[in-house]
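Only one structure is covered here, and it is reproduced in the block below.
Every read-out reported here was derived from the displayed coordinates using simple, explicitly stated rules and does not represent laboratory data. No experiment lies behind these values; they were computed from the predicted model shown. Here the Cβ positions follow ideal geometry from the backbone for every residue, glycine too, while neighbour counts run over all protein chains shown.
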Amino acid sequence: MKKILIFDIDGVVCDCSARLERYSDLQALERGDYNAFRVSMNAYNRAPVDDDIPINDGIHLLNALMSYHNTHKVIFLTARGEEARTNTLDWLRWHVLRSLRSEELIMRPSYFESHPGILWRDGEPRFCSIEFKREETLKLLDTHQISVALDDHLPICEMYQEIGVPALHVK
């Protein structure tokens, strides 16, 4: 089995707080208006990533872990929407890992944003980043040995540990 690392993007190797502030409607989420929140996140995912700032400590940690675990393969597992693939790949290749291949970036499926303004209907499941990352990680475990997974969201790190993947919570 091939050894890999799993890295989240936002808050680990990328500071996207300026873009998030500009486009997201976090107040909609707080009031329970999930559709308004998803519309704002759709805009966030489609926005240019030029103002996103590399988190050098996270990038150095990625390189150190690749060397320590003797692996050249990193999977970036993110809840960013698939509609941000081109911008995200370009940004990661420029700032983090030039050799990154498209299949080494796993993103939230775009079907969650397929109907702008009517993203969740009554009875439809709402997107859960923890469950999404759990499902994708279990698929990876079928063919890979995961040396460690890094995320800035503690419940996701706890999920990794629950399924037997060593995890580091990055702040």
Given the chain, what percent of its DSSP beta bridges are antiparallel, to the nearest 5?
-> 10
Return one number: the angle in degrees, 0 to 90 and rounded to the nearest 10, between the long axis of the Cα atoms of helix 129-141 and the longest principal axis of the Cα atoms of the chain.
-> 30
Add -39500 (n - 2.57) for each DSSP H run of 4 or more in the chain, then divide by its residues: what number comes out at 222 nm, to the nearest 500 deg cm²/dmol?
-> -12000 deg cm²/dmol
Taking 0.36 nm per residue of separation and subtracting the Cα-Cα distance, what length does fully extending S110 through L154 add?
-> 13.4 nm
Under 21 Å between alpha carbons - lysine pairs in the chain that sit 8 or more apart or on different chains = 9
Theoretical gain in end-to-end length, E162 to I130 [0.36 nm per residue, Cα-Cα removed] = 10.3 nm
Find how much the distance from R101 to H60 grows on full extension, using 0.36 nm per residue of separation minus their present alpha carbon separation; answer in nm with one decimal.
-> 12.8 nm
Could you check the simple spin-label distance between K73 and S17, using points 7 Å along Cα→Cβ, in nm with one decimal?
-> 3.5
The chain: Cα Rg divided by the 2.2 N^0.38 Å rule of thumb = 1.03
